[in-house]
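Down below is the structure, laid out as structure tokens.
The values are calculated or read from the model by the stated rules, or taken from the named source; none is laboratory data. Everything numeric here is computed off the predicted structure, so don't read it as measured data. All Cβ positions, glycine included, derive from the backbone under ideal geometry; neighbour counts span all protein chains shown. When the accessible area is computed, the model is the full protein with side chains, heavy atoms only, and any ligands, DNA or RNA have been set aside. Shrake-Rupley method; radii C 1.70, N 1.55, O 1.52, S 1.80 Å.
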Amino acid sequence: MTTPQPATCPATQHAGRPAGTCPIHQQAAQFDPFQDAYMENPSEFVRWAREQKPVFYSPKLDYWVVTRYQAIKDIFRDPITFSPSNVLEPVGEPSPEAAAILKEYGYAMNRTLVNEDEPAHMARRRALMEPFTPEHLRKHEPTVRRLVTTAIDGFIDDGRVDLMQKLLWDVPFSVALEFLGIEDDSDRETMHRFSIAHTINAFGRPTPEERANVAHTVGQFWQFSGEVLEKMKRTPDGPGWMRYSIRQQKDFPEVVTDSYLHSMMMAIIVAAHESTSFASANAIKLLLEHPESWADICKNPLLISPAVEECLRHNGSIGSWRRRATRDVEIEGVAIPSGARLLLVVSSANHDPRQFGDPDFFDIRRDNTVEHLTFGFGAHQCLGKNIGRMEMQIIIGELSRRLPHMRLADQTYQYVHNLAFRGPRGLVVEWDPAQNPERHDADVLHATQEVRLGAPLAKHVVRDLKIASAQQVADNILLLRLVSPTGTSLPQWTPGAHLDIECGNTGLSRQYSLCSDLNDHKAWEVAVLNDPESRGGSSWIHQHARSGAELRVRGPRNHFRLNETPAGRLLFVAGGIGITPIMAMAQRARALNLDYEIHFSCRSRCTLPFAHALQQTHGARLHLHISDEGKRNDFDHLLAGLKDDTEVYACGPNRMLEALEAAVARRGLPDTCLHIEHFVNSVTILDPDKEHAFDVELKNSGLTLTVANDQTLLDVLRANNIDVQSDCEEGLCGACEVAALDGDIDHRDSVLTTSERRENTRLMTCCSRAKGQKLVLDL
Ligand code: HEM
Ligand code: FES
């Protein structure tokens with residue numbers, strides 16, 4: 001490939017610097033990921049790029065480096081423009097000496113799944129994916145637990161162990177062998193050597209001498225893989241995914257070729273094993289570095305699945321992944337020539353603030369953590385992600401139950417320098433064996449832990465918060481100030497977000513918009529109206545919420561999002577307690593210097609919360625409409641003088657919202673200008689007699705699935721390994737939202753507004769369906 005010219009540096013242009021002196025260019029010129037700093041924290045290593053130069057050319061690597069979330073996701077989404085053919089390609093100059101050595105062993109590593117182009121890849125993936133579905137994976141759970149338990153039994157009384165040596169290397173290796181169907185009679189030392197050599201060969205940059213050694217080991221690994229494959233071919237009806245592939249070869253000889261089987265045998269042992277070993281080590285290290293999160297999962301094992309996901313986001317085992325451009329293309333405005341190699345720094349994408357609020361904050365209850373790219377995305381997304389998740393959950397579950405008191409020992413971490421797989425070679429922890437819970441309570445050994453094969457369930461992502469104060473701020477309105485019981489910071493949230501508060505053991509939970517100061521990271525505030533028409537939630541809170549008490553909450557979650565770059569004016573309309581989300585939105589609009597007005601209606605002054613504070617902050621931008629004082633909000637009058645580019649955000653009683661919708665229609669404003677927050681409860685029960693089956697085409701995954709009349713779309717997606725979060729599963733919370741690209745949606749939820757429904761661009765998968773025969777989804 002000819003070396004392309006570096007893209008023009010925007011800093012040189014704008015700051016008027018002479019060419020060659022731009023500090024950003026210098027960082028691009030010096031970029032070299034084969035060092036500890038990259039392995040320890042790749043996202044920090046490229047922070048400068050993510051912030052200032054998201055796509056840059058690295059002359060040392062001869063790769064274009066991409067660092068932001070959306071660009072990387074879009075690249076994964078398009079395997080035709082961005083071919084995966086270079087995923088396992090050695091980095092740097094080819095070495096004739098190494099090539100000669102490999103030839104001696106008959107080495108002919110070719111396409112597997114991960115580096116195969118379309119259309120061959122998708123045909124192969126479809127033929128081979130069944131053993132990866134949750135239904136088939138469940139049967140491996142007892143083996144994983146037995147392996148983990150036996151390993152922990154071996155060191156539980158020692159007080160100190162290198163977890164990598166005694167648990168995290170071996171267990172994923174044995175699980176990989178079982179899944180693949182390989183008899184576990186291998187010499188672990190040799191396999192460890194094979195594994196490291198393959199990683200260095202495909203993703204590292206060895207010196208010429210190392211390259212020769214690595215070539216010998218890789219050659220031996222290739223031969224070993226061939227022998228295992230030949231043995232399996234003699235017993236094709238036996239267990240495991242590789243034998244399943246051998247059987248599928250009979251039906252699809254063009255799709256599942258011999259070259260594929262041999263190459264896959266070698267690549268998958270490493271892919272299934274190193275990725276999970278390192279992911280588990282990184283996760284345990286991160287959790288022990290955050291003792292409050294570790295304590296939380298020790299106390300509540302339902303948090304383990306969400307914690308695993310946040311660990312994969314924050315400190316995953318994949319630093320970067322690769323693609324090659326198949327045509328001239330632009331990424332984030334930078335021209336990339338056809339044939340260019342791309343390094344996608346997925347760990348940087350996972351820390352992109354445009355995607356993950358407060359991205360460096362480690363929050364095991366993060367709302368959208370499952371959107372991380374550690375498993376890739378789209379057609380090639382990791383097929384084994386639910387095996388990896390299962391192993392990590394069981395490893396962390398057993399450790400947190402049996403060794404909740406373990407801590408990281410003082411140590412220096414060492415890494416195998418390479419572009420892709422990242423994690424420490426050793427992880428030493430220590431504890432006082434006298435404190436082992438099982439010495440005092442035998443039940444610890446028998447406790448069960450739920451393993452989640454798929455995206456975490458939002459309903460398990462609970463947070464215990466302390467009520468710092470409960471203060472009456474107007475008639476029947478209680479303002480609750482919630483803090484972490486240990487005094488730690490709370491995650492940032494965005495205006496319009498709400499919390500779900502559980503009402504003790506009543507089984508009720510209610511949604512309340514956050515209304516605190518956006519800059520206060522120590523507390524969240526919600527205001528609760530004791531509504532006489534409520535079904536018991538708000539009155540429970542009024543009776544039980546006292547300063548010092550604890551509440552269980554979920555969220556924050558936001559489906560009433562503020563457009564921070566509006567074309568025109570923002571009009572905030574609130575009725576009564578509906579002022580709560582509007583307060584945060586107005587605070588943000590003021591901070592961004594946007595043009596806005598607040599229209600706040602209430603029955604009487606004594607039912608009017610927060611009026612004084614709002615007046616002080618927003619002055620003449622605040623308009624009060626108090627019915628008792630003869631000042632009702634006349635929506636026709638209000639909208640009459642507005643320009644068509646005004647955006648209206650409204651929250652309040654249904655009657656008020658309906659009146660506003662009607663006034664918007666009369667005024668002839670586009671209904672997309674109206675954003676409404678309403679917390680309506682409705683029940684969505686699936687009645688198979690009234691439903692019809694429909695197809696869903698998943699644009700990025702390359703699959704078409706059928707949703708039968710007695711299934712929800714969410715059920716079908718999950719059964720096919722597609723990650724979608726869920727919480728209420730009744731169309732109330734917005735957790736299961738996905739984007740739709742085509743087809744008429746039959747909306748059944750209470751989350752989307754009328755105008756959002758008409759846009760036909762998103763739907764709640766737990767309840768909504770197709771009006772016709774087919775939907776196309778952005779999944
Ligand atoms: C592909 C990560 C565990 C099997 C991938 C890819 C990544 C990845 C980044 C490429 C995705 C893309 O190009 O979009 C991980 C991580 C794991 C893990 C972080 C553990 C935490 C496993 C396990 C197995 C497995 C346990 C098998 C038992 C595969 C396969 C592919 C793949 C077969 C190729 C899929 C395709 O190209 O169609 N994995 N992996 N992985 N992974 Fe994993
Ligand atoms: Fe709550 Fe679907 S899971 S709306």
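Observations, loosely collected:
- Based on C-alpha pairs under 8 angstrom that are at least 6 apart in sequence, region 458-557 has a relative contact order of 39 percent.
- Exceedance of the 29 Å cut-off in Cα-Cα distance is limited, within the set Lys73/Lys231; Lys166/Lys250; Lys103/Lys285; Lys73/Lys285; Lys73/Lys233, to Lys73/Lys231; Lys166/Lys250; Lys103/Lys285; Lys73/Lys233.
- Distance from the C-alpha centroid of region 492-531 to that of region 65-130: 47 Å, rounded to the whole angstrom.
- Quarter of Cα convex hull surface for region 256-398, i.e. mean projection, nm²: 10.3 nm²
- Cross-link partners of Lys522 among lysines (Cα-Cα below 23 Å; sequence separation of 8 or more within a chain): Lys299, Lys466
- Residue list for region 410-446, given a label point 7 angstrom along the Cα-to-Cβ vector of Lys60 and an amide N cut-off under 18 Å: 415-421
- Counting only Cβ charges, +1 for Lys and Arg and -1 for Asp and Glu, the dipole size of region 17-93 around its Cα centre is about 400 debye.
- Shape call, region 688-777: gyration tensor on alpha carbons, a/c limit 1.5: rounded
- Rel. contact order, % - alpha carbon contacts under 8 angstrom, at least six apart, the chain: 11 percent
- Integer Hz, Karplus 6.51/-1.76/1.60 couplings in order for region 141-155, x for Gly and Pro: 4, x, 5, 4, 5, 4, 5, 5, 4, 5, 4, 5, 3, x, 10
- Inter-part distance where region 655-669 and region 290-337 are each reduced to a Cα centre, Å: 43 Å
- Per DSSP, loop trypsin sites (Lys or Arg not before Pro) in region 541-575 with at most 14 further Cβ within 10 Å: Arg546, Arg561
- Global geometry of region 142-258, whether rounded, prolate or oblate, following the gyration tensor of its Cα atoms and the 1.5 cut on a/c: oblate
- Its Cα centre serving as origin, the chain has a Cβ charge dipole (Lys and Arg +1, Asp and Glu -1) of approximately 820 debye.
- Here Asn505 and Ala100 are evaluated by their C-beta separation; at R0 = 51 Å the FRET efficiency comes out at 0.10.
- Residue among Gln616, Leu482, Pro359 farthest towards the positive dipole end of the chain, charges placed on Cβ: Gln616
- Relative frequency of Cα-Cα separations exceeding 38 Å in region 96-446, percent: 18 percent
- Degrees between helix 208-234 axis and first principal axis of the chain (Cα, 0 to 90, nearest 10): 90 degrees
- Over all orientations, region 570-677 has a Cα convex hull whose mean projected area works out to 6.4 square nanometres.
- Of Gly159, Val345, Met109, farthest towards positive along the dipole that unit charges on Lys, Arg, Asp, Glu beta carbons give region 96-446: Met109
- Among Leu705, Ala100, Trp48 - extreme Cα towards positive end, dipole of the chain, charges at beta-carbon: Trp48
- The value of relative contact order for region 690-779, using C-alpha pairs under 8 Å at least six residues apart, is 36 percent.
- In region 508-576, GluC sites (Glu not before Pro) in a DSSP loop with at most 15 other beta-carbon atoms within 10 Å: Glu533, Glu564
- Radius of gyration, Dmax [region 191-326; alpha carbons; angstrom]: 19.3, 54
- The chain - percent of accessible surface contributed by carbon and sulfur, probe 1.4 Å: 49 percent
- Amide hydrogen neighbours beyond the local backbone of Cys728, cut-off 5 Å, H modeled: Cys733, Ala735
- Charge dipole magnitude, Cβ of K and R +1, D and E -1 - region 458-557, Cα centre, debye nearest 20: 320 debye
- Radius of gyration (Cα atoms) of region 349-395, expressed as a multiple of 2.2 N^0.38 Å: 1.28.
- By the helix-only formula, in which each DSSP H run with n ≥ 4 contributes -39500 (n - 2.57) and the sum is divided by residues, the chain has a 222 nm mean residue ellipticity of -10500 deg cm²/dmol.
- Percent of alpha-carbon pairs separated by more than 52 Å within the chain: 18 percent
- Overall Cα dimensions of region 452-599, principal axis frame, Å, largest first: 46, 44, 28
- Restricting region 684-776 to trypsin sites (Lys or Arg not before Pro) that sit in a DSSP loop and have at most 15 other Cβ atoms within 10 Å of their own Cβ leaves Lys771.
- Beta bridge orientation in the chain: antiparallel %, DSSP, nearest 5: 70 percent
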